[in-house]
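What follows draws every value from the coordinates through simple rules; no lab data is involved. Note that this is a predicted model, so its numbers are computed, not measured. With ideal geometry, Cβ positions are generated from the backbone for all residues, glycine too; neighbour counts draw on all protein chains shown.
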Amino acid sequence: MDDKKNISGNDVNKKILNPQSNDKVKAKYNIVEAEAQTKKFWDENKIFKFDKKRKGKIFSVDTPPPTVSGKMHIGHAFQYSQQDFITRFWRMKENVFCPFGTDDNGLPTGLLVERLKQVRSKDMSRSEFVKLCLETLKEITPSFIQDWKNIGVSCDYDIYYSTIDDNSRKMSQKSFIDLFNDGRVYKKEFPTLWCTQCQTAIAQAELEDKDLPSKFSTLKFSLEGKDLLIATTRPELLGACVGIFVNPKDKRYAGYVGKNALVPLFNYEVPIIADASADMEKGTGVLMVCSYGDKYDVEAINRHKLVPRLIISLDGTLIVDPYRGMKIRDARARILEDLEKNNLILDQKDMEHTVNVHDKCGTEVEFLTTEQWFIRILDLKKKLISQGKKVKWHPEFMFKRYKNWVEGLEWDWSISRDRHFGVSIPAWFCERCSKTIVASEEELPVDPLQVEKRCPKCSELAVPEEKVFDTWATSSITPQITSSLIGNDVTIPYSVRNNAHDIIRTWDFYTITKSYLHEKKIPWDNMMVSGFVTLKGEKMSKSKGNVIDPRIVLEQYGADALRFWASSAKLGEDLNFQEKDLVTGKKTITKLWNATKFVFMNLEDYDGKKPRKLEMLDKQFLYKLNELVSVCTEAFENYDYAKAKSSTETFFWKMFCDNYLEIVKRRVYNNEPGKKSAQYTLYTSLFTLMKLLAPIMPFITEYIYQKYFKMREKDVSIHLSRWPKIGSIESTQELDLFLDILTRVRQEKSNKKKSMKSEVKLKLSKENMEKLDTMLEDLKNVTNAIAILEEDFDIDFV
RNA sequence: GGGCCUAUAGUCUAGUGGCAAAACGACUCGUUUACACCGAGUAGUCGGCAGUUCGAUUCUGCCUAGGCCCACCA
């Protein structure tokens with residue numbers, strides 16, 4: 001526990017900046033330089049440009065637009081890398097459409113600008129604040145997007161949208177108008193979730209739990225001169241009490257039903273009502289109903305047609321005397337004092353209880369009555385679940401989270417927010433006719449505050465809507481927005497969307513909803529859900545101070561190492577951040593570089609042709625490679641990039657470097673007859689390995705491709721080359737035996753503390769001699785045997 | 001209270017109805033015509049209890065612990 005608290009993000013970042021390992025400057029592959037060069041190459045040659053005209057199936061990606069926040073978070077790096085593994089794999093098979101966008105139209109952006117510019121939007125005019133937001137976005141967005149390019153996310157950045165740009169606003173407003181015309185949208189005055197800090201309505205999905213200390217007080221109401229005891233945590237709502245519930249089965253209070261009780265301090269009467277929802281076990285068994293303590297109160301007041309007493313204003317102050325003007329918290333303390341003075345508290349104890357707070361600011365949420373816009377969805381729950389089921393979720397269990405959320409929905413989708421910055425709701429209201437007027441399609445995007453509208457019926461000047469949309473109302477149509485950017489050449493369902501599991505209930509749910517409402521289709525065929533990054537098992541968050549800055553990781557280890565790390569977690573699994581994983585990634589990069597250098601050192605006289613006859617050992621090695629290609633292809637197709645990566649990594653390191661290279665070294669040096677066979681095998685297998693790794697480590701593989709392979713290959717980039725075909729897979733029995741014997745020789749040399757170069761006399765059984773007939777020369781080379789004799793198996797040192 | 005996920009070596013992760021695996025760390029060696037960001041080798045592990053089975057780390061149930069989501073929160 002204490003340990004965890006000591007780890008601050010700063011310490012971690014410092015450690016990364018000044019690694020203790022003595023990094024020698026000898027490195028020949030300069031990560032930072034090579035990655036910069038490669039990025040430039042991709043950019044200049046538009047490698048990831050979507051080419052409509054290209055033939056073949058289109059693989060379309062509904063890239064999540066990150067919320068503009070200054071800089072990329074390590075969680076972003078993790079998740080977008082995972083998306084990119086899949087995207088790059090498919091780009092080597094199909095025509096990839098992968099646009100990029102940023103989400104910057106909503107409350108988070110507004111709050112960011114308030115923070116950066118030290119202003120309060122409510123103190124400014126709407127147009128002033130919107131202008132400031134747009135200007136600020138212009139300043140900070142380019143370097144924000146650069147972070148995505150830096151980790152190698154292979155989007156076509158020219159197909160770009162921001163959720164506040166004209167086209168997005170237009171499409172978002174059009175969506176609203178269509179749904180309005182369909183009768184799906186309604187406006188209603190209703191007690192809704194309200195944040196008194198941000199001063200806006202919020203959605204169910206924006207709630208977060210928080211444990212707060214509280215006082216549980218038993219108060220004395222009075223009834224016919226006797227005390228009626230009611231326990232509450234919210235005494236400040238006494239003035240909003242509109243009724244008292246007791247359970248109809250509760251004998252203690254049976255005689256009270258139908259009578260009126262006197263509210264302490266406020267001294268007015270409220271009816272006592274029998275209602276089964278009152279729990280006899282809780283508190284005193286008597287429950288006060290207030291307008292509005294929670295959503296239970298909302299329901300109870302409606303059910304009994306009680307008249308609400310609204311005592312809290314939108315900014316969270318009381319509007320009832322004598323507490324008028326006081327903040328809720330202050331009023332609570334003051335009322336308790338006053339109750340105490342008047343001897344109206346029987347009992348009081350401290351407790352901790354869980355309250356709903358706004359996820360953006362942590363303020364306790366209130367239920368306040370305001371007029372808000374909703375999209376009717378509660379009648380569609382079943383349908384939306386079955387739509388969600390049509391999507392293939394990776395991993396599969398993520399669908400259950402979606403289903404769980406939809407089943408638990410209790411409110412329609414609240415889409416309006418009382419903020420300055422956002423996509424305007426394109427509506428006006430004629431007060432005389434009580435009629436809502438929506439914009440026509442031709443005038444979109446529109447800001448109703450800037451356009452005068454007259455009622456078509458009575459010609460009276462209509463009142464413009466001041467509210468804006470919640471950000472999800474717009475981001476829920478990202479597939480349609482990106483489609484519109486290319487003339488609708490790609491349409492839903494897209495191939496895939498990727499996001500972390502925290503926004504299944506918002507972004508994914510709302511997108512499925514909108515695609516259903518507009519097109520009766522699912523938005524994508526596949527949904528890949530990423531996990532979170534943790535540090536020492538804890539979720540990273542700014543408030544805990546345990547965040548890792550990806551920019552520092554990039555400086556020290558490079559994007560390939562970062563991606564290498566991100567690929568080590570299976571899709572959907574959380575991953576602990578560990579610096580040693582980056583070290584491993586960096587080492588792998590170096591190894592790739594060194595192995596490549598070595599291979600090409602020996603390919604100077606390679607003629608590029610496949611020899612008529614391949615050595616048996618080479619042939620069987622290539623069978624093993626084919627097996628790897630098969631495993632990786634299937635893994636990538638199933639979104640299991642982690643398996644593809646680890647299989648390739650192991651093959652490259654163990655099979656290719658430690659075994660195959662060691663085995664054929666001498667054959668190649670000494671210009672023996674098998675040289676051409678080895679050269680062909682080296683070239684082919686290294687190239688295949690590069691392709692298999694290209695989706696995971698795009699920089700080093702591209703760099704190597706450009707430097708070594710390009711002269712013999714036609715593709716401009718390795719990322720536009722074809723994914724390796726799965727060749728024939730046949731028995732590798734002899735090679736396996738060969739490797740087994742090699743291991744035993746190495747073991748023996750280690751046991752005897754001999755050098756691997758020490759000479760031996762190798763004795764093999766007749767059976768093995770025959771089996772390895774075609775590989776004896778290689779065996780001799782790699783074990784440094786001066787002779788191989790036919791006898792019982794043994795290893796003699798010379 | 002409901003749902004979901006996870007539990008494997010000192011650490012972090014693979015994996016399987018039939019010898020349990022990689023990386024890092026530890027230990028013992030070796031090495032210079034790719035690589036010390038190296039090579040070879042050694043030691044060390046399936047949360048607990050039942051059940052199904054010839055056989056369970058793997059399947060089932062329960063328990064324990066951790067995480068996430070939802071509900072409750074007079």
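Taking the Cα centre of segment A:751-798 as origin, sum charge times position over the Cβ atoms of Lys and Arg (+1) and Asp and Glu (-1), and report the length of that vector in debye to the nearest 20.
Charge dipole, segment A:751-798, about its Cα centre: 420 debye, nearest 20.
Would you tally the net charge around A:GLU730, using a Cβ to Cβ cut-off of less than 14 Å, leaving A:GLU730 out, and scoring K and R as +1, D and E as -1?
-2
Please report, to two decimal places, log10 I(q)/I(0) for chain A at q = 0.05, 0.08 Å⁻¹ as given by the Debye formula with identical point scatterers on the Cα atoms and no solvent.
Log10 I(q)/I(0), no solvent term: -0.39, -0.82.
Add +1 for every Lys or Arg and -1 for every Asp or Glu among the other residues with Cβ under 9 Å from the Cβ of A:ARG184, and state the total.
With Lys, Arg at +1 and Asp, Glu at -1, the neighbours total -1.
A:LEU116 versus A:LEU212, label points 7 Å from Cα toward the beta carbon: distance in nm?
3.0 nm
Determine by what factor the alpha-carbon radius of gyration of segment A:344-420 differs from 2.2 N^0.38 Å, reporting the quotient.
1.62
Calculate the FRET efficiency for A:MET769 and A:LYS93 from the Cβ-Cβ distance with a Förster distance of 60 Å, rounded to the nearest 0.05.
Step by step, r from the Cβ atoms, then E = 0.85.
With a cap of 13 neighbouring Cβ atoms within 10 Å, and only residues DSSP puts in a loop, list the GluC sites (Glu not before Pro) found in segment A:211-286.
The qualifying sites are A:GLU224, A:GLU281.
Rounded to whole Hz and in sequence order, give me ³J(HN,Hα) for segment A:261-269 from the Karplus expression 6.51 cos²θ - 1.76 cosθ + 1.60, θ = phi - 60°, writing x for Gly and Pro.
10, 9, 6, x, 6, 8, 6, 10, 9
Under 19 Å from a label point 7 Å along Cα→Cβ of A:ASP321: give me every residue in segment A:264-284 with its amide N that close.
Residues A:264-269 fall inside that zone.
Can you give the FRET efficiency to the nearest 0.05 for A:GLU466 and A:ASN30, using r as the Cβ-Cβ distance and R₀ = 45 Å?
The pair A:GLU466/A:ASN30 has a calculated efficiency of 0.20.
Identify the trypsin sites (Lys or Arg not before Pro) of segment A:471-521 meeting these criteria: DSSP loop state and at most 13 other C-beta atoms within 10 Å of the C-beta.
Of the trypsin sites (Lys or Arg not before Pro), the ones in loops of segment A:471-521 whose Cβ has at most 13 other Cβ atoms within 10 Å are A:LYS520.
Which pairs, out of A:LYS57/A:LYS392; A:LYS400/A:LYS514; A:LYS215/A:LYS341; A:LYS282/A:LYS349; A:LYS389/A:LYS536, put more than 26 Å between their alpha-carbon atoms?
A:LYS389/A:LYS536
Working from Cα positions, state the angle (0 to 90°, nearest 10) between the long axis of helix A:641-650 and the longest principal axis of chain A.
30 degrees
Using the structure shown, list the pairs from A:LYS360/A:LYS467; A:LYS49/A:LYS149; A:LYS619/A:LYS761; A:LYS591/A:LYS654; A:LYS586/A:LYS757; A:LYS40/A:LYS149 with a Cα-Cα distance above 22 Å, or answer none.
A:LYS619/A:LYS761; A:LYS586/A:LYS757, as the Cα separations exceed 22 Å there.
Quick check: the distance between the Cα centres of segment A:222-281 and segment A:431-458, to the nearest angstrom?
What the calculation gives is 48 Å, centre to centre.
Run the reach check for A:LYS435 against aspartates and glutamates, Cα to Cα strictly under 12 Å, same-chain hits fewer than 8 apart removed. What comes back?
Qualifying aspartates and glutamates at Cα under 12 Å: A:GLU460.
Hey, what did chain A get for relative contact order, percent, Cα under 8 Å, at least 6 apart?
It rounds to 15 percent for chain A.
Provide the per-residue ³J(HN,Hα) series for segment A:231-244, in order, calculated from phi with Karplus coefficients 6.51, -1.76, 1.60 and θ = phi - 60°, each as a whole number of Hz, with x at glycine and proline positions.
My calculation for segment A:231-244 gives 9, 8, 9, 10, x, 5, 8, 3, x, 9, 5, 10, x, 10 Hz in order.
Give me the net charge for the shell around A:TYR606: Cβ to Cβ below 13 angstrom, other residues only, Lys and Arg +1, Asp and Glu -1.
With Lys, Arg at +1 and Asp, Glu at -1, the net is +2.
Express in nm, to one decimal, how much length is gained between A:ASN670 and A:SER758 on full extension, taking 0.36 nm for each residue of separation and deducting their alpha carbon distance.
29.8 nm
Would you work out the relative contact order for segment A:512-636, in percent, from Cα pairs under 8 angstrom that are 6 or more residues apart?
With pairs under 8 Å counted, the relative contact order is 22 percent.
Multiply the residue gap between A:ASP166 and A:LYS389 by 0.36 nm, knock off their C-alpha separation, and tell me the result in nm, one decimal place.
76.9 nm is the gain from fully extending A:ASP166 to A:LYS389.
For segment A:151-292, what is Rg from Cα atoms divided by 2.2 N^0.38 Å, rounded to two decimals?
Computed over Cα atoms of segment A:151-292, the ratio equals 1.68.
From the phi of every residue in segment A:606-621, what ³J(HN,Hα) in whole Hz does the Karplus formula 6.51 cos²θ - 1.76 cosθ + 1.60 yield, where θ is phi - 60° and glycine or proline is x?
6, 8, x, 9, 7, x, 4, 10, 8, 4, 4, 5, 5, 4, 6, 4
Note the full-extension length gain between A:GLU662 and A:PHE41 as 0.36 nm times their separation in residues minus their Cα-Cα distance, in nm to one decimal.
Length difference between fully extended and current span is 220.1 nm.
Tell me the angle of helix A:126-150 to the major Cα principal axis of chain A, expressed in degrees between 0 and 90 and rounded to the nearest ten.
20 degrees
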